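This report concerns only the one structure given below.
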Amino acid sequence: MSAPHSDRLRTVFLRHRAGLLLTVLLLWTTMLAGTALLGLSGGFLTASALAGAAGLGSGFNFFTPSAGIRGLTMARIASRYFEKLVGHDVTLRIARDARVWFFRRALPLAPGRLGGTRTGELLARLLGDIAEVDGLWVRALAPLMALGAMGVVAIASAWLILPEAAALLAAAALLVGVGVPWLGVHGRGAEERDRAEHRTRLRNLSFEGIEGAADLAALDALDHWQGRVDVAARQLRARDRRRRWRLVSSTALHGLLTGATLLSMLLLALSAHGQGRIDAPLAAGLVFLTVALIELWAGLGLAWQSLQSGRVAVARLHGIVDQPPMVDEPVQPQPVPTVAATLQWEQVRFAWPADARNVLDGIDLTLAPGQRIAIRGDSGSGKTTLSSLLLRLHDPGSGRITHGGVDLRAYAQEDWHRQIAWLPQHAPVFAGSVAGNLRLGDPGASDEVLWAMLERVRLGDWARAVGGLQGWVGENGATLSAGQARRLALARALLRGSPILVLDEPTEGLDVDTAHALLRDLPVLLEGRSLLMITHDALPEGVVDVVYRLQDGKLFVD
Ligand SMILES: Nc1ncnc2c1ncn2[C@@H]1O[C@H](COP(=O)(O)OP(=O)(O)OP(=O)(O)O)[C@@H](O)[C@H]1O
């Protein structure tokens, strides 16, 4: 399923069309003022020199051209200032909106679709590709459009002075503006994609190396990893060098052509003046107009190259976000009942793609409001799969899960997720404050509510010791023990206040005493919520009402 027409990346640009058009207009005005300035100054200098040589000093009109030069100088300064101001402002707005657009489109694909993409790859797209895209306007499209418009004005002006000069400028504009850049970028799409892939590879290796630095050090594999990073860096450098060489060679060709254009214009202007068709100031004006255009054309190669890498980046971003979601949203979602209702798995079967075997093979299960059940089973028996169907990260292959008799497929995902607090197997603790971590569960919770929750999960003393709610929690819970990290994540899940709590291995990594203390606290902490707990461990008496065993895709009461 492709993205709705209205949610393409181009809509982010269209939203800022007024600012974008103004940038092109201001850029064009700057170019126009600069070119006219050079043409007028050249003509004026020639005319003054000739007047001086002819001894016409007092009769020569200095004032009109010098007023024009002053006016054009001021106009150029003002338009350049506003062009930078508006251009940067609109670029920053696009940078912001493009990131929001990417997140908004990508997040619903997590974890089902994004789970298959490496974190470094996602980072590369989020950082590198979006940076290429948000600079697309100021680096590529705006200069190309302004230069096109500038070319038309310059050729039309030259036509009024000397038609052959206009023809020469038109031919040069075609060669330099289209021909040379075309040679530079034609058929290079594959090379650009290859370069983007290598950039991603380097980012992946660096990112994963930093993430796994402790394990690599313990395995004495740091040098090996560093070697892989070096190879990836060298490969990327080789591609960057090749790309720079392409730019250098097209710049050299560009230089040759513009040099030949200038020489031809000089000869043309001299010959037209020699034939008495134009006076000396106009002839000089033509030559200076050419000089000004050549100066503007210098940025063409870079603009075309940015356009190409921007297009590759847009395609890569769409490659991520245009993936179809794992589950379909109903066209007309049903409202989720406000009172707690019974959950029912009815003959649920599920197989992972590319796996012929049904991980779940006819599951019937009931979870009544306030009931607490546990699912045990060997590793790989499908316990997490069972809970992911409840979260509607995937839909059953056959059978259904109902809530108060309504198939979960009838609810909007967002509405349904509000009913569930989930503590996944590897719930992260985020770098930040204790309060910041807790408020992910309930952004509006007061400090009193947070302290009460910390006490209930028995983290009150720990929180006071690390400096209270503003105490710093290291990345991945580096400053917490495994048990404290689990309790903090549990507190966050409980703060959601949802009627159903799903705990996936809540005691993993905890010693038996800590695990049992946490489990014994659970019935009180739940305050009447339903509980679906996935666990390997034997549970102390009274923690849950029923324990099931999942084996060969079927559930048995333990
Ligand atoms: N995203 C996935 N894509 C393909 N196969 C998967 C995926 N997730 C799990 N599986 C497979 O489904 C089976 C059940 O996995 P699941 O994670 O549900 O087991 P589990 O009982 O929770 O295991 P553990 O106790 O080790 O966490 C396994 O064979 C696993 O390889």
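At-a-glance table
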{"quantity": "DSSP bridge pairs, segment 343-557: antiparallel proportion in percent, nearest 5", "calculated": "50 percent"}
{"quantity": "Mean projected area (nm²) of the alpha-carbon convex hull when segment 343-557 is viewed from all directions", "calculated": "11.9 nm²"}
{"quantity": "Proportion of all alpha-carbon pairs of the chain beyond 34 Å (%)", "calculated": "59 percent"}
{"quantity": "DSSP bridge orientation in the chain - percent antiparallel, rounded to nearest 5", "calculated": "50 percent"}
{"quantity": "Label-to-label distance, nm, for residues given as A452 and R93 (7 Å Cα→Cβ offset)", "calculated": "4.5 nm"}
{"quantity": "Tilt relative to the chain, helix 300-321 - C-alpha long axis, 0 to 90 degrees, to 10", "calculated": "20 degrees"}
{"quantity": "Between helix 280-297 and the chain: long-axis angle, C-alpha atoms, 0 to 90°, nearest 10", "calculated": "20 degrees"}
{"quantity": "Ranked list, fewest to most other Cβ atoms within 10 Å of each Cβ, for M74, M150", "calculated": "M74, M150"}
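Read the figures in this text as sums done on the coordinates, not as results from a lab. Only a predicted model underlies this, so the values are computations on that prediction, with no experimental measurement involved. We place every Cβ from the backbone using ideal geometry, glycine too, and count neighbours over all the protein chains shown.
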